[in-house]
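The structure appears below as structure tokens.
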Amino acid sequence: MWEIGNEINGDWLGSDVPKKMHDMYEVCSDYDTMLTLYYAKDFDGTEYDMIAWVKKNVPNDMREGLTFVTVSYYEDQNENGIMTPEKMEPIFAQLSQIFPNAFVGFGECGYGGKTPINAQKRKHLIERFYSYRSKAERFFGGGFWWHGRQTMVPKTKADWLVLNSLM
């Protein structure tokens, strides 16, 4: 699988992002492909708003051909807002419509900045993201715990035990 764009709607990616994204898609279109989007409350209503950005910048061949579309979410970068099922359901439903052949799910999750020190907070984050199930068509779950190396290795660490219990 090839990730042809990571947090592709971010405001830090420079110029010609849609062209670079599509060029990469064309190079990798014979393989499974994944596009990762970035959800940020600060982007709502701006040119980087996740759904608006996709509608404006992702061409039809990619909408039809991508294998996976994922969403990165970091609570500390969203005013510590808890991403509830009520907030995510419409997002995954829209992504399922825009990308009718792709599986949708979480990409990265956790905190974008410092790893949360509080073990209970990490536990709740891991449990919420890894056990979340959307009603959206082709939802595959998933997730990449951003702090895995720091909090799950070796496998005797508490965060690994939490994740392992969910598997």
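The values are calculated or read from the model by the stated rules, or taken from the named source; none is laboratory data. Just so it is clear, the structure is predicted and the values come from calculations on it, not from any experiment. As a convention, Cβ positions derive from the backbone with ideal geometry for all residues, glycine included, and neighbour counts pool all protein chains shown. For the accessible areas, the whole protein counts, side chains as well, though only heavy atoms, and no ligand, DNA or RNA atoms are used. Shrake-Rupley method; radii C 1.70, N 1.55, O 1.52, S 1.80 Å.
Of the helices (runs of 4 or more DSSP H) entirely within the stretch 54-148, those holding at least 1 residues that are of a type in the set (A, V, I, L, M, F, W, C), buried (at least 19 other Cβ atoms within 10 Å of the Cβ) and touching a strand residue (DSSP E or B) at 6+ places or on another chain (Cβ under 6 Å) occupy 85-98, 119-131. Evaluation of Glu26 against the conditions (1) part of a helix (DSSP H, G or I); (2) open to solvent by less than 70 Å² (accessible area, probe 1.4 Å) shows that the sole unmet condition is (2).
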